[in-house]
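Here the structure comes first, spelled out in structure tokens, and everything after it is commentary.
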């Protein structure tokens, strides 16, 4: 048995219990017992719980991030435009 994340090994205790009793135990928790609407409600509750954990940026951080993104996009547009004009002149020179 390993403790690695994503390991597919089962704990030894579970193997012994299922082998002795001959029955497979169902491990569904709340998801196994609820219908589709119950599972949907649990899903939305989990979404809200995760959104409460999010650290939202302040107004100042948001302004800074937005400015950085806009400046980067403008620089990339300029770079692509220059390269495009360069290729255009190269194609006109080669093919007439």
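Readers should treat all values here as calculations from the given coordinates under stated rules, not as data from a laboratory. Because the structure is a prediction, the values reported are computed rather than measured. Glycine gets a Cβ as well: all are built from the backbone with ideal geometry, and neighbour counts include every protein chain shown.
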Rg/Rh ratio calculated on Cα atoms of region 30-95 (Kirkwood radius): 1.46
Simple spin-label estimate for residue 90 and residue 56 in nanometres, 7 Å along Cα-Cβ: 4.8
Simple label model, 7 Å out from Cα along Cβ direction - residue 63 to residue 80, nm: 2.9
